[in-house]
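> A single structure is presented below for examination.
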Amino acid sequence: MTESMFFDVLRQGLWVAVIASTPILTIALLTGVIVGLFQALTSVQEMTLTFVPKLLAIVLVFWFSMNFMSRTLTSFFQNQIIPLIVGG
């Protein structure tokens, strides 16, 4: 394996990680902004108010996007990593 092949596979792996984590990170950001706006508008500064809705939203999005994430990671391994291992 040459150095350029290594860095290309590493770059593709990082991109797959970004793509797979995008749904969860997006919903965490949106939930945090919504809860922050709610807290600023109502002057409620309860710590569990920031944690519980964000946790529930992340768990729900993770549950619904598991198929997408597993297909993305599986296709990356089947198309990139396994041929490199088998090919030498």
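The values are calculated or read from the model by the stated rules, or taken from the named source; none is laboratory data. The structure displayed is predicted, hence computed values, not measured ones. Don't worry about glycine lacking a Cβ; one is built from the backbone with ideal geometry, like all the others, and counts go over all protein chains shown. These area figures cover heavy atoms from the full protein model, side chains too; ligands, DNA and RNA do not enter into them. Shrake-Rupley method; radii C 1.70, N 1.55, O 1.52, S 1.80 Å.
> If you go through the stretch 45-74, how many residues are over 15 Å from S21 (Cα atoms) and polar (S, T, N, Q)?
Qualifying residue count, the stretch 45-74: 3.
> Looking at (1) surrounded by fewer than 11 Cβ atoms within 10 Å (Cβ to Cβ); (2) farther than 27 Å from F6 by Cβ, which is the only condition G32 fails?
(1)
> Select, from T26, T42, T48, the only residue that is farther than 30 Å from M1 by Cβ, open to solvent by 70 Å² or more (accessible area, probe 1.4 Å) and hydroxyl-bearing (S, T, Y).
Exactly one of T26, T42, T48 is farther than 30 Å from M1 by Cβ, open to solvent by 70 Å² or more (accessible area, probe 1.4 Å) and hydroxyl-bearing (S, T, Y), namely T48.
> Among residues belonging to the stretch 48-83 that are more than 16 Å from the chain's Cα centre (by Cα) and hydrophobic (A, V, I, L, M, F, W, C), point out the one that is farthest from V33 (Cα to Cα).
I82
> So I85 fits all but one of (1) surrounded by 11 or more Cβ atoms within 10 Å (Cβ to Cβ); (2) modelled with pLDDT under 95; (3) out of contact with any helix residue (DSSP H, G or I) (no Cβ under 9 Å at 6 or more places or on another chain); what number is the exception?
Failing condition for I85: (1).
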